[in-house]
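Read through the structure below, which is laid out as structure tokens, and then see the notes.
FYI, it's all coordinate maths here, none of it is from the lab. Not measured: the values here are computed from a predicted model. We place every Cβ from the backbone using ideal geometry, glycine too, and count neighbours over all the protein chains shown.
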Amino acid sequence: MKSENEGDRVAFIIGSPRSGTTILMEILDKHAQIRQWYEPYFVWDRYFRDFPDDERRPEDCTQKVRHQIHRDFSRFQKKTGCELVVDKSPPNSLKIPFILEIFPRAKFIHILRDGRDVTLSIHKEWNLRRNIVRDATRRNRFNYAGAARVIRVWLARQPFLGDKIRALWFETHGHLLDKSKHLNRLRWNGVVGWGPRFKGWKEIFHESSILQFNAHQWLKCVDSIHNSWPEIPEDQRLEIRYEALISQPESILTRVLQFLKVEIYKEFFQALPTLKKNNFDKWKKEFTKDQLGELHPILTPKLQELGYEKRANWHQTSDPI
């Protein structure tokens, strides 16, 4: 990846976790010219492992950091032989100006999804992690088997042995035998946590329920992206909606491929996975009325701004079970 072409061969899928970033990345990975790099946080955070949050500013981009990230992306591109590397890392939603310092000509695809469905899905992941740490079937002991399953899935996402080793080292270095810091708890001050840590997360975490905090994760990611959006040149940014992707995949993916300036060919569309076209509005069935009451003041202004909700009292009229 030559310095004069920096960014021409790198694209970033950004958005809150559980917004459809993974499915979009996995679809694009089927394209002959594209290879995914799944959340290489051991690259992005090599020199920021002990930072209190995931936000990065341009001033954090030192010459050493820039060189290291360029080197790692160049290595990955050469190993895969691809023309375009696509990185899907939700914390990148909080560091767009930082990324632009490194890859000024990179392309960004923001995938947006209804914050209620996103919060529901994030909350399920948090509960999964909490259940591993506090396995009720084993008298609240740490569930090593459950943790091992999570780690295997996580490591399987990295295609090269060297990256698997680096990812494992990054996660366990200095506390391999200390289970109190496993499953990201090193990043979350010893508590079970998952997803992006926005600036000021500790205060909100201690003042809110876990469900409310999960809603703030969606909100902070979306706000950060939209605040940084004007800094990205117009021809380097594209926003799509998850709901449109699953209901009109060929139309939306054609836009994405045109934006990325890669070939559009029929075999790519023939290899698309089956998408659940009704995979939305799950929040209506799975949240209780009390939970909707918790989420309402946090989510309503942004939901209305984005056109996901017109009713101010949606939490009372959605008739959840």
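How would Glu83, Glu305 line up from fewest to most surrounding beta-carbon atoms within 10 angstrom? Show your work: numbers first, answer last.
Numbers: Glu83 17, Glu305 11.
The fewest-first ordering by Cβ neighbours comes to Glu305, Glu83.
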- Query: For the chain, what is the convex hull (Cα atoms) projected area averaged across all directions, in square nanometres?
  - Reply: 17.2 nm²
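Treating only the Cβ of Lys, Arg, Asp and Glu as charged (+1, +1, -1, -1), what charge dipole size does the chain show about its Cα centre? Round to the nearest 20 debye. Display every interim value, and only then the final one.
Numbers: 55 positive and 42 negative charges, 249 e Å.
Value, rounded to 20: 1200 debye.
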- Message: Please enumerate, by chain and number, the lysines with C-alpha under 20 Å from the C-alpha of Lys64, excluding those fewer than 8 residues away in the same chain.
- Response: Lys2, Lys95
- Message: Sort 155-163, 266-274 by the packing proxy (mean of other Cβ within 10 Å over each peptide's residues), most packed first.
- Response: 155-163, 266-274
- In terms of the alpha carbon gyration tensor, root eigenvalues a ≥ b ≥ c, rounded if a/c is under 1.5 and otherwise prolate when a/b exceeds b/c or oblate, the range 183-321 is prolate
- Counting each DSSP H run of 4 or more residues in the chain as -39500 (n - 2.57), what helix-only mean residue ellipticity at 222 nm follows after dividing by all residues, to the nearest 500 deg cm²/dmol? -14500 deg cm²/dmol
